[in-house]
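Below is one structure, written out as structure tokens; the observations come after it.
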């Protein structure tokens, strides 16, 4: 079965050695801590912080998903070459409208060679 | 076959009467006229300008695609409820890296009740 | 804007010369002429009949869609390598349940190098 | 984070009580134990065996994925209504070409109300 790589795996690994491998695959969520009920809310997801991921035809980030708990909110798909076949940090700005209750967001990204990766959870209070 | 609704269809229609119908389904591309070779380039796509599209379970915007001529660059999918089941203008910020040559971008959006809609083309010079 | 290649384009082209090019990209729908109301109904979509399409990393069939008039029913996505990087005729069997009224099905396929292609329409009577 | 429900969860649950809940969400893989190198290979994925899943606008199976270990091979997306808004067992026949080495297939399905579900693994020997 597809293993889902998580941030906690990274922390338990001999991470200094493989820091680049983990960093370049792990999505992060960047958004406010609070969202206004019924209003448009920006959630940026970026894959990697310090290390770049290839955009090669046989090795690229295929999709980025945004979840609220068990609910998939949105997903962006890429084809190889969308990033000019240059290494980078795939990134997308989703605009959602929060439900009535607070959210617990996570992002997932799929690398065509190294599988499925999950972000840390990000709690967002809806006010 | 699925008809693809285009901006030119709108212009040839008795548009005052159906302005809201066309407006709320048509994607628009918002980006600079020039992009720097090899650098990250923001392309915003928004569905509708003045009129809002529903986010009902049986009537929602299912996807937004970004194309460069015949090449699909990226696509964002939504589930019903991503916009809190409230009417709005679905919108996404794609970040791409342009190829060596100038681009001719178009966006497409799919409404689950009213089919496939295409934006005006947006020429982007790569410098 | 993305041109949508259709079977009629092929017929109007000097088709003997480019028969292979058109054939290997065009999806065809294979299903019964009639479907039973409320029952599972098989729709096979295959890309190409005589000529094979590559499954190269920089040249592959990215998706196959099944439409009923303006309504997208289902879509299958592929990654490069799903067909062992060997030329072939990508094919998928969808199982749908028809609505109350007769259907007019079409399929679309996306080639990462040669764009979007549309099948002939297939009328299906619901009895 | 999105929990991934697995067959083993079911077995450890008081499963008689919730058998229907687990059954109607869990994808199963139906294919031969062996595949011929370089030849087309059929993999059927079906969601549920005895209990039917709704196809309601606010509660439907959104996608079925087929994985070989960490590699996503193919994915089929559905819109609400593809199954005539009738309860059923969503099912798709993928045709893949196996790589040189043996495969370990799993399927995943996404319910818009109850999250992500994973099949048992299916080993396929490539001969």
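The values are calculated or read from the model by the stated rules, or taken from the named source; none is laboratory data. Just so we're clear, the structure is a prediction, and the values are computed from it rather than from any experiment. Ideal geometry is used to build each Cβ from the backbone, glycine not excepted, and the neighbour counts take in all protein chains shown.
Checking the range D:50-60 against the condition returns a match, with at least one residue being surrounded by 21 or more Cβ atoms within 10 Å (Cβ to Cβ), more than 8 Å from every other protein chain (Cβ to nearest Cβ) and modelled with pLDDT of 95 or more. Note on the range C:24-49: among residues that are at negative phi and in contact with a helix residue (DSSP H, G or I) (Cβ under 8 Å, 6 or more places away or on another chain), the one that is surrounded by the fewest Cβ atoms within 10 Å (Cβ to Cβ) is C:49.
Regarding the range C:69-87, can at least one residue be identified that is farther than 16 Å from residue D:94 by Cβ, crowded, with 20+ Cβ neighbours inside 10 Å, in contact (Cβ under 8 Å) with a residue 40 or more places away in the chain and under 15 Å from the mean Cα position of the chain (by Cα)? No, there is no match, as no residue in the range C:69-87 is farther than 16 Å from residue D:94 by Cβ, crowded, with 20+ Cβ neighbours inside 10 Å, in contact (Cβ under 8 Å) with a residue 40 or more places away in the chain and under 15 Å from the mean Cα position of the chain (by Cα). What about residue C:104, is it closer than 17 Å to residue C:6 by Cβ and free of Cβ contacts under 8 Å to residues at least 60 places away in the same chain? It is true that residue C:104 is closer than 17 Å to residue C:6 by Cβ and free of Cβ contacts under 8 Å to residues at least 60 places away in the same chain. With respect to the stated conditions, residue B:117 is within 14 Å of chain C (Cβ to nearest Cβ) and either part of a helix (DSSP H, G or I) or in contact with a helix residue (DSSP H, G or I) (Cβ under 9 Å, 6 or more places away or on another chain) (or both).
Residues are listed down the side, and each one gets a yes or a no for (1) within 8 Å of another protein chain (Cβ to nearest Cβ); (2) assigned to a strand (DSSP E or B); (3) modelled with pLDDT of 95 or more; (4) closer than 26 Å to residue D:113 by Cα:
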residue: A:24; (1), (2), (3), (4): no, no, no, no
residue: A:65; (1), (2), (3), (4): no, yes, yes, yes
residue: A:72; (1), (2), (3), (4): yes, yes, yes, yes
residue: A:75; (1), (2), (3), (4): yes, yes, yes, yes
residue: A:83; (1), (2), (3), (4): yes, no, yes, no
residue: A:93; (1), (2), (3), (4): yes, yes, yes, yes
residue: A:98; (1), (2), (3), (4): yes, no, yes, yes
residue: A:107; (1), (2), (3), (4): no, yes, yes, yes
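Looking at this structure, is residue B:91 under 13 Å from the mean Cα position of the chain (by Cα) and closer than 29 Å to residue C:122 by Cα? Considered against the rule, which asks whether it is under 13 Å from the mean Cα position of the chain (by Cα) and closer than 29 Å to residue C:122 by Cα, residue B:91 comes out as no.
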